[in-house]
Amino acid sequence: MKKTGWIIVNGNLTTNKFIDYAEMIQSAAQKRHMDVSIIKNNEILLDLSDRHPLGLHRQTYTLPDFVFFIDKDIYLAKYLEQLGIPVFNSSATIEMSDDKIQTYQKLTDIGIPIPHTIIAPKIYSTGILSDDYLQSIIHKLGLPLIVKEAFGSFGEQVYLVHEFKELKKLTNQLQGKPYLFQSYISSSHGRDLRLQVVGDKIIAGMERNNDQDFRANITNGGNMKPFTPDQKATNIAIAAAQAINADFAGVDLLFGQEDSYLVCEINANAHIRNLTECTSVDIADEMITYIEGKIR
Ligand SMILES: Nc1ncnc2c1ncn2[C@@H]1O[C@H](COP(=O)(O)OP(=O)(O)O)[C@@H](O)[C@H]1O
Ligand SMILES: [Mg+2]
């Protein structure tokens, strides 16, 4: 029997990037003779009292053999898991990866190296941090330093701060949002590694370089070249992906002092177009093959 799958995408994020990712996975699945449809998260009625998910036109969906979850709607991911469908990545992994604070807490707990990180206190929408507090951050981390929102992507919620006044202004603006302070890894200025983990292997890697910005993200103008990780980088990236039980993860590493690496973030929903083109590795096929092995 043909295996069936759903690729869940966000109904409101219809930018090409997300559709492209979904279509790459869909065509890899079709090549392996699976019947896979792309479904928007807001086309399913997430009715907790009904174990047969309904579409908006009251059609009942036949449950698939697996779900490839490109979205961050963890409630939907969990609902599908509770119906007994294997979901890749799991709701718990997506939730952990989405929140950089939770990710860093998990990584430090098991001894995986990250930049020196201090979590901003949760003070809700009306509080501001005292000058004493901010001075102690500067004292601990030095200047410049990084401020990073817990939720963000494409480098858009990551800030490089050069002086006290800037720190004060930024933290005032971030009131009510979860964020963290981090030491700025100058040896990695505008440069990082993206390593793609599938199961317990690294299947592709690239180095990203940006001479216009401290952030290496391609969307900020970075360029890329294939990178074959040494044993140290390999071990860290795989341990990081396993720390959040990821089936698939785009692990980003920063270059530390003396050939060391630090985990910058773990993307449970890493887009694969750039890395695929950079390395010529068929990442979508590797992912589908992995899923095939899991649902057999
Ligand atoms: N502590 C740091 N020191 C130096 N550069 C950093 C640091 N943290 C992040 N960066 C740079 O900023 C980029 C974006 O940060 P990241 O945490 O990966 O957020 P995003 O999820 O938005 O990609 C990274 O790829 C890296 O180039
Ligand atoms: Mg990143």
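The values are calculated or read from the model by the stated rules, or taken from the named source; none is laboratory data. Remember, predicted model here, so these are calculated numbers, not experimental data. Here the Cβ is made from the backbone with ideal geometry for all residues, glycine too, and neighbour counts use every protein chain on show. The accessibility values were calculated without ligands, DNA or RNA, using every heavy atom of the protein model including side chains. Shrake-Rupley method; radii C 1.70, N 1.55, O 1.52, S 1.80 Å.
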Check on D35, over 25 Å from A249 (Cβ atoms) and modelled with pLDDT of 90 or more: yes
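I'm checking my understanding of the structure. Among residues of region 177-192 that are away from ligand 2 (no atom under 16 Å from the Cβ) and closer than 15 Å to G152 by Cα, which one is most open to solvent (accessible area, probe 1.4 Å)?
From region 177-192, those away from ligand 2 (no atom under 16 Å from the Cβ) are 177-178, 181, 183, 186-187; that's our starting set.
Keeping just the survivors that are closer than 15 Å to G152 by Cα gives 177-178, 181.
On the way: K177: 103, P178: 60, F181: 0 Å².
Checking each candidate, the answer is K177.
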Among the residues of region 107-137, which ones are touching a residue at least 60 places away in the same chain (Cβ under 8 Å) and either crowded, with 18+ Cβ neighbours inside 10 Å or of a type in the set (V, I, T) (or both)? L107, I110, I112, I114, P115, T117, I118, I119, A120
Among (1) under 20 Å from I236 (Cα atoms); (2) within 15 Å of ligand 2 (Cβ to nearest atom); (3) hydroxyl-bearing (S, T, Y) - the single one Y159 does not satisfy: (1)
Could you tell me whether F88 is touching an Asp or Glu at 6+ places or on another chain (Cβ under 6 Å), farther than 23 Å from L180 by Cβ and modelled with pLDDT of 95 or more? yes
Quick check on region 118-140: of everything there that is assigned to a loop (DSSP other than H, G, I, E, B) and aliphatic (A, V, I, L, M), which residue is nearest to the chain's Cα centre (by Cα)? A120
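Determine which member of the set L180, L167, L143 is part of a helix (DSSP H, G or I), not charged (D, E, K, R) and not assigned by TED's automatic domain parsing to the domain that holds E277.
L167
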In region 258-269, what count of residues is obtained for those that are within 15 Å of ligand 1 (Cβ to nearest atom) and at pLDDT below 95? 1
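Out of curiosity, is Q173 open to solvent by 20 Å² or more (accessible area, probe 1.4 Å) and more than 8 Å from ligand 1 (Cβ to nearest atom)?
On the way: open to solvent by 20 Å² or more (accessible area, probe 1.4 Å): yes; more than 8 Å from ligand 1 (Cβ to nearest atom): yes.
For Q173, the condition - open to solvent by 20 Å² or more (accessible area, probe 1.4 Å) and more than 8 Å from ligand 1 (Cβ to nearest atom) - is met.
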Out of (1) more than 17 Å from I74 (Cβ to Cβ); (2) touching a residue at least 24 places away in the same chain (Cβ under 8 Å); (3) open to solvent by less than 40 Å² (accessible area, probe 1.4 Å), what's the single condition that is false for G55? (2)
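Matching residues to (1) closer than 27 Å to N16 by Cα; (2) within 16 Å of ligand 2 (Cβ to nearest atom):
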site	(1), (2)
T228	no, no
I244	no, yes
L253	yes, yes
A268	yes, yes
A284	yes, no
Y290	yes, no
For the condition among the acidic types (D, E) and farther than 19 Å from Q157 by Cβ, what is the one hit in D98, D73? D73
